[in-house]
Amino acid sequence: MSRAPELDTTVDPPPQRRAKLTLPSLILVLCSVGLAATGQLMLKTGMRVATERAAADGGSLVIKAATSPFVIFGLMIFAVSAVTWLATLSRVPLSIAYPFNALGFIAILTASSILLGEKTNVWTWIGTSVVVAGLILVVTTKPT
């Protein structure tokens, strides 16, 4: 006695579509990235000042950093950035939101060169540009 083959009655789920990035979500992710970059610049400035103060009077770098207004304000900005990032993740798929962090690379590179007087070279700019070009490709192309 042979059995009839069982029919597969499962239905494949519809293909996942990539969520569109709305203007409010775009503003939110850009605010998050901008705040994170600003926080990093404030932290770097605070640590530079704290290091100079500790070297000048022989005090503790940890104490100088912990009492630096730049470090304190930088941490506060970074905390706000984290909250805006969480709000971003509640609205935007990670695969779309995360590449925007590449904009932070170029913002920090530019600001550290102009505002902090850090030296950069052409390879740093080329590498950063390649990362940003990747961001543009990820955000503007449809998945296959």
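Just so you know, all these numbers are worked out from the coordinates, no wet-lab data involved. Quick caveat: nothing in here was measured; it's all calculated off a predicted structure. Quick reminder, even Gly has a Cβ in these numbers, built from the backbone with ideal geometry, and neighbours come from all protein chains shown.
Can you compute log10 of I(q)/I(0) for region 16-144 with the Debye formula, treating each Cα as one identical point scatterer, at q = 0.09, 0.18, 0.22 Å⁻¹?
-0.34, -1.00, -1.21
Under 19 Å from the Cα of Lys20, which lysines turn up, not counting those fewer than eight places away in the same chain?
Candidates past the 8-residue exclusion: Lys142.
Compute the helix-to-body angle for 69-91: its Cα long axis versus the longest principal axis of the chain, expressed 0 to 90° and rounded to tens.
10 degrees
Using the Cα centre of the chain as origin and beta-carbon charges of +1 (Lys, Arg) and -1 (Asp, Glu), tell me which of Ile27, Leu89, Phe100 is placed farthest towards the positive end of the dipole.
Ile27
Under a straight-distance cross-link criterion of Cα-Cα below 21 Å, which lysines are reachable from Lys119, leaving out those fewer than 8 residues away in the same chain?
Lys44
Ordered by residue, what ³J(HN,Hα) values in Hz, to whole numbers, does region 41-55 give under the Karplus form 6.51 cos²θ - 1.76 cosθ + 1.60, where θ = phi - 60° and Gly and Pro are x?
5, 5, 4, 5, 4, x, 6, 4, 5, 4, 5, 5, 5, 5, 5
Multiply the residue separation of Thr141 and Trp125 by 0.36 nm, subtract the distance between their alpha-carbon atoms, and state the gained length in nm to one decimal.
Details: separation 16, 0.36 × 16 = 5.76 nm, distance 2.41 nm.
Full extension from Thr141 to Trp125 adds 3.4 nm.
Calculate the dipole size of region 23-140 relative to its Cα centre from +1 charges on Lys and Arg beta carbons and -1 charges on Asp and Glu beta carbons; express the result in debye to the nearest 20.
Charge dipole, region 23-140, about its Cα centre: 40 debye, nearest 20.
Which angle from 0 to 90°, rounded to the nearest 10, does the C-alpha axis of helix 122-140 make with the longest principal axis of the chain?
Result, in degrees: 30.
How far is helix 101-114 tilted off the main Cα axis of the chain, in degrees rounded to 10, range 0 to 90?
Orientation of helix 101-114: about 20 degrees from the principal axis.
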